[in-house]
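Following: one structure in structure tokens, then a few remarks.
Read-outs throughout are calculated quantities, based only on the coordinates presented, and are distinct from any laboratory measurement. Computed from a predicted model, the values in this text were never measured in an experiment. Reconstructed Cβ throughout: ideal geometry from the backbone, glycine too, with neighbour counts over all protein chains shown.
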Amino acid sequence: MLGLMQTSPLLISSIITHAARHHARAEVVSREIDGRIVRTTYAALERRTRQLARVLLALGVQPGDRVATLAWNTARHVEIYYAVSGIGAVCHTLNPRLKPDIVSYIANHAADTVLFVDPSLTGLIETVAESVAGTIRTVVVMADEDHMPPVALAPGMQLLCYETLMAAADADYVWPVLDENTASGLCYTSGTTGLPKGVLYSHRSTLLHALSVNGADGLGLKARDRIAAFLQMFHVHAGSIPFLAPMAGAALLLPGRFLDGPNITALMNDERATVGWGVPTIWLGLLRYLDEIGEKLPTLRRVVVGGSAVPRPLLVRLEHEFGLEVQQNWGMTECGPLGTYNQPTAQHEDLEEDAKLDLQVKQGRALFGADVKVVDDAGRELPWDGVSAGALLIRGLWVIRNYFGPDAAAGAGPDGWFDTGDVATIDADGFVQIVDRAKDMIKTGGEWISSMELEAIARQHPDVDDVAAIAVQHPKWMERPLLVVVPKQGRTPGTAEVRAHFKGKVTDWSLPDAVVLVPELPLAGTGKVDKRALRERFALHLLTGEEAAAAGE
Ligand code: ADP
């Protein structure tokens, strides 16, 4: 027998409709291309979203079409998220930090038809125009007429102005009732191994993910919160913040293209942010800036960190010096993106400070709607003892089944479990701890060394500001660990003293063989340290004492 309750489908348009009706005056604040702050409300934004739906239809966008964005975090980008998915098309966020040939590979792979581009990124469109002209016919610059840059496109492509199109559009559109499994968003992996693959989110997966992440043991936003979104909207839907904030009626603070210390400090302090969410590199950069100028973050209460492991010293400083609550989460493009979120349980209330920190540096417990397990090489589930490390598998309501398009043969197994490519442990309370990405582990002789563990120890050295541990070639052991260190200002830690710092903390065969000092670590397109680039650069270091690039010159 069927229940007698209402069965309206789970649709993304319901989020913005709810925000406009029930949180009409809550603000969306963005930093514009010229650095100005502009503010709007959910009511005004929702109206513009319906106008934009009309614009899309007038441009000939059909249900299922991929509409691409190449843009920073701004209110217009939020409008595009909702309008494109709202009409039944697919919002495909392109990452402007990827190399132009990868951007055109992805645009062609996705068969994007229309592209919305931030005015500061039109140079990239000019670079790729010829190679994407077979699929992208229309480029809309997200600006008004006064801020339209000259853009040279390929023959047959039309260039349009966002605000001119909007001015001519009615807001009388009514969101259609779609099947909740309709595709809504397309995000590509960053392709750290092989070519990027597309992950096609649905209305249902997006809505269920947002509902679960906004639970009290997750992000749990409230209407009185003001969240600064430093995760990029062009990567994994910015952790879903553009859905989470309006769902709760929290104010949404968007930094535009300005992610430097002064600008993010000003955005948080001037706009009274209560929560900020970004990758560790954002917070490390912010602390460096705050140290220089001696400023604090008076309104901020919570820092949310994910995307890569939270360094312990970062956690300690944010909590102790700035009085902030730090919450870590773990996710990836293939799982919507979040799988786990770290909030303490009742068992942990009486823990000593150090034991609490041991817990906080873990990646958290599975959100409701997702399940995790660790397995050995034969696929057998390992015990939840906090020690047994194996491949981390996840399945759930917003986890990938198959990749998009020609890559559909790959994805989750027939039982729904998806191998994340991470190696992890799970403890008795269900806290997942990532040991390493499988491909970043250092294989020496027959043993494996976790690069993340070496980095965590190195960060406790007083001269180390930032660090990456990588595998480099070794004639006898195949691979040995090398530490690439960004030293604190004026310090020059040497190999011998850093090795001495490791003594007793790891087995002797895990001691890094050498330390090289660099002014900064290279970042990949997602704002994480580009270990592949470091491995290539330093591959021969132990063989020749030279960097690969220098040796090849
Ligand atoms: P890509 O794989 O394309 O770089 P993703 O954002 O999908 O981009 O990366 C997901 C990976 O990031 C995870 O598999 C994991 O290795 C890493 N990651 C994400 N969050 C954390 C975290 N809190 N701690 C450690 N690693 C993390």
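Key figures for this structure:
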{"item": "Three-way shape label, region 348-432, alpha-carbon gyration tensor, a/c 1.5", "result": "prolate"}
{"item": "All aspartates and glutamates inside 17 Å of Lys373 as judged from Cα atoms, apart from same-chain residues fewer than 8 positions distant", "result": "Glu334, Glu381, Asp385, Asp415, Asp419, Asp422, Asp427, Asp429, Asp436"}
{"item": "Region 5-30 residues near the modelled Arg272 label - backbone nitrogen below 15 Å, point 7 Å along Cα→Cβ", "result": "25-29"}
{"item": "Selected from Ala83, Ser510, Leu290, residue furthest toward positive end of dipole (the chain; charges at beta carbon)", "result": "Ala83"}
{"item": "0 to 90° range, to nearest 10: angle between helix 122-132 axis and the chain longest Cα axis", "result": "80"}
{"item": "Whole-angstrom gap from region 358-373 to region 465-502, using each part's C-alpha centre", "result": "30"}
{"item": "Unit charges on C-beta of K, R, D, E only; dipole of region 290-396, Debye", "result": "400"}
{"item": "Sites Arg36 and Glu325, calculated FRET efficiency, Cβ-Cβ separation with R0 51 Å, nearest 0.05", "result": "0.95"}
{"item": "In nm, spacing of pseudo-spin labels at Leu523 and Thr127 (7 Å Cα→C-beta vector)", "result": "1.7"}
{"item": "Sum of side-chain charges, Leu124 neighbourhood, beta-carbon under 15 Å (Lys, Arg +1; Asp, Glu -1)", "result": "-2"}
{"item": "Charge dipole (debye, nearest 20) of region 206-362; +1 at Cβ of Lys and Arg, -1 at Cβ of Asp and Glu", "result": "520"}
{"item": "Euclidean distance of C-alpha centroids, region 103-150 and region 229-286, integer Å", "result": "25"}
{"item": "Region 388-477: C-alpha pair distances exceeding 16 Å, %", "result": "67"}
{"item": "Order of Ser190, Ser212 - criterion: other Cβ atoms within 10 Å of each residue's Cβ, fewest first", "result": "Ser190, Ser212"}
{"item": "Between 0 and 90°, nearest 10: helix 75-86 axis offset from the chain longest Cα axis", "result": "70"}
{"item": "Within the chain, helix-based [θ] at 222 nm, where runs of 4 or more DSSP H residues each add -39,500 (n - 2.57), nearest 500", "result": "-8500 deg cm²/dmol"}
{"item": "Ascending count of other beta-carbon atoms within 10 Å, so fewest first, for Phe230, Phe538, Phe368", "result": "Phe368, Phe538, Phe230"}
{"item": "Neighbour-count ranking [beta-carbon atoms within 10 angstrom, fewest first] of Glu352, Glu46, Glu79", "result": "Glu352, Glu46, Glu79"}
{"item": "On Cα atoms only, tilt of 261-270 relative to the major axis of the chain in degrees", "result": "60"}
{"item": "Asp419 versus Lys503: modelled label distance in nm, points set 7 Å from Cα along the beta carbon direction", "result": "4.1"}
{"item": "For the chain, share of DSSP beta bridges that run antiparallel, in % to the nearest 5", "result": "55"}
{"item": "Beta bridges by DSSP in region 441-544, antiparallel share as percent, to the nearest 5", "result": "75"}
{"item": "Pairs from Lys197/Lys356; Lys222/Lys296; Lys505/Lys528; Lys222/Lys531 whose Cα-Cα separation, in the structure shown, is over 28 Å", "result": "Lys197/Lys356; Lys222/Lys531"}
{"item": "√(5λ) per eigenvalue of the Cα gyration tensor, the chain, largest first, Å", "result": "38, 27, 25"}
{"item": "Calculated FRET value between Arg380 and Thr544, using beta carbons and R₀ = 41 Å, to 0.05", "result": "0.45"}
{"item": "Within the chain, longest stretch free of exposed trypsin sites (Lys or Arg not before Pro) [DSSP loop, at most 10 other beta carbons within 10 Å]", "result": "37-379"}
{"item": "Fully extended contour minus Cα-Cα distance, from Asp144 to Met478, at 0.36 nm per residue", "result": "114.5 nm"}
{"item": "Net dipole in debye of the chain [+1 Lys, Arg Cβ; -1 Asp, Glu Cβ; about Cα centre; nearest 20]", "result": "740"}
{"item": "Estimated inter-spin distance, Lys488 and Ala58, nm [label 7 Å along Cα→Cβ]", "result": "5.9"}
{"item": "Convex hull of region 147-224 built on C-alpha atoms - directionally averaged projected area, nm²", "result": "10.9"}
